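Chemist: Here it is, the structure, as structure tokens.
The values are calculated or read from the model by the stated rules, or taken from the named source; none is laboratory data. Model, not experiment: these values are computed from the prediction. Note that each Cβ is placed from the backbone with ideal geometry, even for glycine, and that neighbours are counted across all protein chains shown.
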Amino acid sequence: MDVWIEPEADAVARLAADFVQDAVGAGEITLGLATGSTPVATYRELIRRHREEGLSFDRVHVVLLDEYVGIAPDHPQSYRRFIRDTFTNAVGIAPDRVHGPAGDAVDLAAAGADYEALLQRLPPRALQLLGIGRDGHIGFNEPTSSLASRTRVKTLHPDTRADNARFFADSESVPVHALTMGIGTILEARRLVLLATGDTKAAAVAAAVEGPVSASVPASALQLHPAAMVVIDEAAAGGLAHRAYHAEVAAHRPAWQRPGAGA
Ligand code: F6R
């Protein structure tokens, strides 16, 4: 895993935007995007580059990691609505190029299979952005999710529902289930970029980066990917035992590993 530790959250957003910019410059591609709070600053930076520097998203398709079950695409708390309002509308990505699992489907197993089929039909997923839950989840793959899992229904952990209650009227209104890309699905993207900021994520980041690969920490599956980047601020890096080594790596990072090098 390639660990990038930045001084603060704004620098994390700029670096993540650099990686996204590299991906969208590579032609007709699919971008895997995450929702939640962490990537919002990255989306803001990409919108700024679109408006001020002409960064084009004309050849980009978007796929989301997950969607709450029982929530229609236009529901204010739906992730498809969130990404349109927060990012894709502002950079000119048409709604018909923004895809997410159909959490409002009657047959959710079929909806999961349909999403997997869609991912195969779309242009290559050049980059998948990820956040991480305090319990180490990626997408909504909660602890004990199979490392080989595909898009399917998962029951949200009560801690995840509590964390996400801020987007709803109260925690009781947070859906119990989500339709989420599986860990196996996530690992098929060409490059993974996991973002984390703040000390509430420090323990999960340390377990994912330095702990054993385990279904108990779904984000540890990134250790199995050949091009996984972890972009975090100092606070989120606070639990890393190999902090000094990560600094050594950063000090001697070859130019070809940096954004803009055509990786
Ligand atoms: C969102 C998602 C989740 C979040 C994670 C962190 O699409 O799949 O895994 O990335 O829960 O959320 P924040 O960034 O709000 O702390």
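Chemist: Is it true that residue 180 is near the ligand (Cβ under 9 Å from one of its atoms), more than 12 Å from the chain's Cα centre (by Cα) and polar (S, T, N, Q)?
Modeler: So residue 180 fails the test.
Chemist: I would also like to ask the following. Mind listing whichever residues of segment 240-254 are surrounded by fewer than 17 Cβ atoms within 10 Å (Cβ to Cβ) and either small (Gly, Ala, Ser) or under 13 Å from residue 210 (Cβ atoms) (or both)?
Modeler: Within segment 240-254, 241, 242, 243, 244, 245, 247, 250, 251 meet the criteria.
Chemist: Could you tell me whether any residue of segment 176-189 is among the charged types (D, E, K, R) and more than 21 Å from residue 112 (Cα to Cα)?
Modeler: Filtering segment 176-189 down to residues among the charged types (D, E, K, R) leaves 188.
Remaining after also requiring more than 21 Å from residue 112 (Cα to Cα): none.
Checked segment 176-189: no residue is among the charged types (D, E, K, R) and more than 21 Å from residue 112 (Cα to Cα).
Chemist: So which helices (runs of 4 or more DSSP H) are wholly in segment 145-247 and hold at least 2 residues that are touching a residue at least 60 places away in the same chain (Cβ under 8 Å)?
Modeler: It comes to 183-186, 202-210.
Chemist: Taking only segment 90-104 into account, find how many residues are touching a strand residue (DSSP E or B) at 6+ places or on another chain (Cβ under 9 Å) and free of Cβ contacts under 8 Å to residues at least 24 places away in the same chain.
Modeler: First pass over segment 90-104, keeping only residues touching a strand residue (DSSP E or B) at 6+ places or on another chain (Cβ under 9 Å): 91, 93, 97-104.
After this cut, where a residue has to be free of Cβ contacts under 8 Å to residues at least 24 places away in the same chain as well, the list is none.
Qualifying residue count, segment 90-104: 0.
Chemist: I've got another one for you. Inspect segment 190-209 for any residue being buried (at least 16 other Cβ atoms within 10 Å of the Cβ), among the hydrophobic types (A, V, I, L, M, F, W, C), out of contact with any strand residue (DSSP E or B) (no Cβ under 6 Å at 6 or more places or on another chain) and at pLDDT below 95 and give the result as yes or no.
Modeler: no
Chemist: Now a separate question. Based on this model, can you work out whether residue 255 counts as under 26 Å from residue 21 (Cβ atoms) and at pLDDT 95 or above? Lay out the reasoning, then the answer.
Modeler: Values: under 26 Å from residue 21 (Cβ atoms): yes; at pLDDT 95 or above: no.
The answer is no for residue 255.
Chemist: Somewhere in segment 43-57, is a residue polar (S, T, N, Q), surrounded by fewer than 17 Cβ atoms within 10 Å (Cβ to Cβ) and within 16 Å of the ligand (Cβ to nearest atom)? Outline the logic, then answer.
Modeler: From segment 43-57, those polar (S, T, N, Q) are 56; that's our starting set.
Applying the additional criterion that residues be surrounded by fewer than 17 Cβ atoms within 10 Å (Cβ to Cβ) yields 56.
Of the ones still in play, those that are also within 16 Å of the ligand (Cβ to nearest atom) are none.
No: zero hits.
Chemist: Tally up the residues in segment 106-135 that are closer than 16 Å to residue 72 by Cα and touching a residue at least 24 places away in the same chain (Cβ under 8 Å), please.
Modeler: Final tally of qualifying residues: 4.
Chemist: Within segment 60-94, can you find the residues that are exposed (fewer than 14 other Cβ atoms within 10 Å of the Cβ) and farther than 19 Å from residue 168 by Cβ?
Modeler: 92, 94
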